[in-house]
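S.K.: Provided herewith is a single structure, encoded as structure tokens, for subsequent inquiry.
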Amino acid sequence: MSAVVSNVAPRVGFVSLGCPKALVDSERILTQLRVEGYEIVGGYQEADVVVVNTCAFIEAAQEESLEAIGEALDENGKVVVTGCLGRKGDLIREAHPDVLAITGPQDYEAVMSAVHAQCPPPARDAFTGLLPASGIKLTPRHYAYLKISEGCNHSCTFCIIPQLRGKLASRPVDQVLAEAERLVNDGVRELLVISQDTSAYGVDTRYAEATWRGQTRRTRMTELAEALSELGAWVRLHYVYPYPHVDELIPLMADGKITPYLDMPLQHASPRILKAMKRPAGGEAVLGRIQRWRAACPDLTLRSTFIVGFPGETEDDFQQLLDFLEAAELDRVGCFTYSPVEGAPANSLGDPVPVSIAEERQARLMALQSEISARRLARRVGTTCTVLLDAVEGDAAVGRSALEAPEVDGVIQLRGAAGRKPGELVTVQIEEADEHDLYGSVEAGC
């Protein structure tokens with residue numbers, strides 16, 4: 001029997017957890033809900049059903065997801081669960097047996113079916129056609145995440161992403177470029193390219209070709225970056241493994257076609273620990289590559305994340321990581337203590353590092369990185385740069401240059417922004433710096 005269609009728009013609450021890849025999934029689900037005439041609401045009490053998009057990357061993320069599901073059940077009672085934790089349905093059912101449905105990541109059709117079962121879709125309304133061509137976005141209007149693939153082919157021992165999201169599945173290059181063009185036409189000034197492994201884009205398709213704007217394009221990272229640069233927005237690359245072919249991107253950065261910025265998840269620098277992690281590339285090879293990149297593109301900004309306290313990590317291994325940071329002078333660094341994840345091979349390695357030692361190493365690493373970051377940022381005092389404004393309040397504003405990514409990096413605190421709006425580009429004189437942020441003034445007349 002088909003569902004009865006109502007003229008009243010059912011109301012859906014939404015909770016989005018996890019990484020930018022999950023955020024894109026949330027945007028796609030919300031867009032489909034609005035296309036079908038559902039109203040999106042910001043609170044539990046007024047919702048007819050709540051969708052919780054979960055994360056399961058580490059134990060803490062799983063706990064946060066379970067807490068969010070529990071809160072939604074307590075406040076509303078009608079909950080659909082999706083996302084990475086959905087792959088662990090038994091865990092969810094054990095903690096919260098009353099959820100309406102559980103789906104895995106990217107299973108948009110199953111989410112919609114579960115919502116339909118609880119709240120049949122309404123008759124279409126005239127406002128559905130007012131949705132932007134790029135759909136609903138959970139980021140500010142002037143920047144957006146552009147997901148180019150799903151899944152990952154690596155078998156890192158600390159990670160269960162392939163179990164949650166499957167093997168690498170690259171989106172056809174023409175589809176990615178068409179989405180990017182819609183975003184830019186809707187006012188996006190910065191495209192944040194994301195995936196589990198951006199460097200591997202297209203490997204699974206053997207770099208299949210497609211036509212876009214009358215030209216043949218290959219499903220490959222370098223060709224994608226060059227095509228995106230034609231759209232007139234900043235193009236920022238995240239989750240780039242330092243494979244040799246990444247060298248091809250540096251001339252694009254040096255020529256100003258894409259932002260001189262690379263986010264590389266290096267995780268460690270000790271060859272022994274990298275081998276235990278089953279990570280591609282060793283510390284010495286990466287260091288040499290970084291030095292060559294900076295020689296070719298002096299403005300290059302590098303961001304990475306590291307894990308300390310991995311099973312078997314010795315003080316010598318940790319010192320090798322500190323030595324690497326000193327030599328590489330990475331601009332932005334995040335550091336996590338190792339956290340066991342159910343189903344990860346690293347759980348069986350043995351020789352665990354005590355939590356107190358892992359936390360002490362994390363503190364030492366971040367203290368060193370604060371010194372490095374302060375040195376790197378101090379070099380920018382006295383220079384001018386183009387800044388994309390994220391927020392404006394009176395004469396003050398917060399923004400970022402091409403060398404800062406949103407949400408994860410420091411910012412540029414500005415004066416002289418009266419009359420400006422978020423999403424505008426302004427020229428800024430950098431006057432001060434600390435270990436995280438820069439401070440400056442908008443140049444008159446810019």
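The values are calculated or read from the model by the stated rules, or taken from the named source; none is laboratory data. Please read these numbers as outputs of a predicted model, since none were measured by experiment. For neighbour counting, all protein chains shown are included, and Cβ atoms are generated from backbone atoms with ideal geometry for every residue, glycine included. Heavy atoms of the whole protein, side chains included, go into the accessibility calculation; ligands, DNA and RNA do not. Shrake-Rupley method; radii C 1.70, N 1.55, O 1.52, S 1.80 Å.
S.K.: Can you tell me which residue within segment 226-240, out of those that are within 16 Å of the chain's Cα centre (by Cα) and among the aliphatic types (A, V, I, L, M), is surrounded by the fewest Cβ atoms within 10 Å (Cβ to Cβ)?
M.R.: 240
S.K.: Tell me whether segment 116-138 contains one or more residues that are modelled with pLDDT of 90 or more and either touching a Gly at 6+ places or on another chain (Cβ under 7 Å) or of a type in the set (Val, Ile, Thr) (or both).
M.R.: No, that holds for no residue.
S.K.: Okay, next question. Are there any pairs with C-beta distances below 6 angstrom linking a residue in segment 317-338 that is under 21 Å from residue 295 (Cα atoms) to a residue that is among the basic types (Lys, Arg), with the two at least 6 apart or on different chains, and if so which?
M.R.: Correct list of pairs: 331/376; 332/303.
S.K.: Being aliphatic (A, V, I, L, M), in contact (Cβ under 8 Å) with a residue 40 or more places away in the chain and in contact with a strand residue (DSSP E or B) (Cβ under 9 Å, 6 or more places away or on another chain) narrows it down to one residue among 41, 79, 49, 99; which is it?
M.R.: That would be 49, the only listed residue that is aliphatic (A, V, I, L, M), in contact (Cβ under 8 Å) with a residue 40 or more places away in the chain and in contact with a strand residue (DSSP E or B) (Cβ under 9 Å, 6 or more places away or on another chain).
S.K.: Assess whether residue 387 counts as being of a type in the set (Val, Ile, Thr) and open to solvent by 10 Å² or more (accessible area, probe 1.4 Å).
M.R.: No: the conditions fail for residue 387.
S.K.: To continue, here is another question. Listed residues 313, 342; which is assigned by the TED database to the domain that holds residue 257, open to solvent by 20 Å² or more (accessible area, probe 1.4 Å) and not in a helix (DSSP H, G or I)?
M.R.: Checking each option against the conditions leaves just 342.
S.K.: In this structure, is residue 329 open to solvent by 20 Å² or more (accessible area, probe 1.4 Å), within 25 Å of residue 247 (Cβ to Cβ), in contact with a strand residue (DSSP E or B) (Cβ under 9 Å, 6 or more places away or on another chain) and not hydrophobic (A, V, I, L, M, F, W, C)?
M.R.: Here the answer is yes, as residue 329 does meet what is asked.
S.K.: Among the residues of segment 345-363, which ones are in a helix (DSSP H, G or I) and either surrounded by 15 or more Cβ atoms within 10 Å (Cβ to Cβ) or not assigned by the TED database to the domain that holds residue 242 (or both)?
M.R.: The answer is 345, 346, 357, 358, 360, 361, 362.
S.K.: For segment 173-225, name all the residues that are surrounded by fewer than 19 Cβ atoms within 10 Å (Cβ to Cβ), free of Cβ contacts under 8 Å to residues at least 40 places away in the same chain and assigned to a helix (DSSP H, G or I).
M.R.: Of everything in segment 173-225, those that are surrounded by fewer than 19 Cβ atoms within 10 Å (Cβ to Cβ), free of Cβ contacts under 8 Å to residues at least 40 places away in the same chain and assigned to a helix (DSSP H, G or I) turn out to be 175, 178, 222.
S.K.: Does residue 402 satisfy the condition of being in contact (Cβ under 8 Å) with a residue 24 or more places away in the chain, surrounded by 18 or more Cβ atoms within 10 Å (Cβ to Cβ), in a loop (DSSP other than H, G, I, E, B) and of a type in the set (Gly, Ala, Ser)?
M.R.: Yes, satisfied.
S.K.: Can you name the strands (runs of 3 or more DSSP E) wholly within segment 1-120 that have at least 1 residues being open to solvent by 30 Å² or more (accessible area, probe 1.4 Å) and farther than 27 Å from residue 168 by Cβ?
M.R.: So the answer is 11-16, 39-41.
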